[in-house]
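None of the figures in this text is laboratory data; all of them are computed from the coordinates on show. Just so it is clear, the model here is predicted, and its values are computed rather than measured. Methodologically, a virtual Cβ is constructed for each residue, glycine included, from the backbone with ideal geometry; neighbour enumeration extends over all protein chains shown.
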Amino acid sequence: DWLFAIIFLLLSQPLQPQRAGHSLILRLEPNRLQFFEYESLIFHCEGSHDSTGLKIVHRSKGELLKCNTTVTSKRSSCTIPNIFPEDSGQYWCESGDRNRSDIIHINVTADPVILESPISVVEGETVTLRCRRKTTSTNLSADFYKDGRLIRRSSTGNMRIPSVSKHDEGFYKCISGGRESAKSLMAVQGETHQCYQIKFKNTLMMALLLVLLGWFHCGKL
């Protein structure tokens, strides 16, 4: 009975990994870095125990005050109904104790073509880049470039990258109908320290279980 009691205790231990890096997270809705002018954009600031003290900051404009703010127990959101090229730049969120999120650089353009690429990419994920024209919602042909080099011609306007790796990291842009999008950095993140902690604990627990089971069977022989 003592063996099963130990196994139960091991399996019932909660995983409580420590946060690594920035404890605040800035998310955008929609999840991309390039926008046409007059589009709507929502900033979400998450990760603080007290969301009432969170604020969204633009590097040159300071705190965003002219937006529709919504505050819940888990996050603070700021909605801009219409964005303009002058809203381009670097954004982050911060708390009252000056804790900051990572910086996100967005580009707002009056040009007819943008590249839709996700803000955060993790190794192993499948990513789809989309070349989008302002005047049409149908599929369009497009050429995709990475670091200035043509890497894909697409008849649908999409480029799918399965199982992303660090090798795929770089600046991407697209050209469609002779018009060019701005460049966006696709930064590929490795597994977080939190994930390694969880995997290590799971492995340790399995090893302990195997040892205990081995002792149990040896005792029975």
Using a simple spin-label model with points 7 Å from Cα along the Cα→Cβ vector, what separation in nm is obtained for Arg100 and Thr135? 4.1 nm
Counting only C-alpha contacts under 8 Å and six or more residues apart, can you give the relative contact order of segment 41-181 as a whole percent? 18 percent
Using each residue's phi in segment 59-71, evaluate 6.51 cos²θ - 1.76 cosθ + 1.60 at θ = phi - 60° and report the 3J(HN,Hα) Karplus result to the nearest Hz, with x for Gly and Pro. 3, 9, 9, x, 5, 6, 10, 8, 8, 7, 9, 10, 10
Calculate log10 I(q)/I(0) of segment 111-192 for q = 0.13, 0.14, 0.22, 0.24 Å⁻¹, where I(q) comes from the Debye formula with a single equal point scatterer on each Cα and nothing for solvent. -0.37, -0.43, -0.98, -1.13
Efficiency of FRET between Ser40 and Cys218 - r from beta-carbon atoms, R0 45 angstrom, step 0.05: 0.10
Calc'd 3J(HN,Hα), segment 160-166, phi into Karplus 6.51 cos²θ - 1.76 cosθ + 1.60 (θ = phi - 60°), Hz, glycine/Pro = x, comes to 9, 10, x, 6, 4, 10, 4
The simple spin-label model distance between Ser73 and Thr128, using points 7 Å out along Cα→Cβ, in nm, is 3.6 nm
Using only C-alpha positions, report the orientation-averaged shadow area of the convex hull of segment 23-110, nm², one decimal. 5.0 nm²
Want the number for Asp147 to Lys61: 0.36 nm per residue separation, take away the alpha-carbon distance, what's left? 28.0 nm
